[in-house]
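Bear in mind that the values in this text are calculations on the coordinates, not laboratory data. Remember, predicted model here, so these are calculated numbers, not experimental data. Backbone-built Cβ (ideal geometry, glycine too); neighbour counts: all protein chains shown.
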Amino acid sequence: MASSFIPQRIKRAKQQITVKLYQDQLATLDKYGRFIDDSRDYIISQALELVFKRDKEFVRWVELERNAGSSAERTLTRTESAGPASPSGPQRDGRGKRPRTEVVGEMQTESA
């Protein structure tokens, strides 16, 4: 087998989802699958793992959520009641949202 950026598969339980990809992305995904002799599922899964591990802002956010969850559980145990859950994460109010970069002609622009 050829040396690749994505390591060989470790079998785990899966849940099926449906995604839509651009035609060129799907073609590249299939080429990469032939290159490493593995499935679309595995490549997408490994790409997500790579993003989740390398996105330092996301890693910090997950840690904050974990700490906030532990704190909330302790508070719940003491008060034995909880109010309505509010949305969490950087997307809830636009904070932490990374600007989307678009290439227009020769100029690069950013939009929120």
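Can you pull out the residues in region 8-21 that are surrounded by 10 or more Cβ atoms within 10 Å (Cβ to Cβ) and closer than 15 Å to Glu49 by Cα?
So the first thing to find is which residues in region 8-21 are surrounded by 10 or more Cβ atoms within 10 Å (Cβ to Cβ), and the list is 8-9, 21.
The answer is Gln8, Arg9.
Looking only at region 22-59, filter to residues that are surrounded by fewer than 12 Cβ atoms within 10 Å (Cβ to Cβ) and in contact (Cβ under 8 Å) with a residue 24 or more places away in the chain; which one of those is farthest from Gln8 (Cα to Cα)?
Glu57
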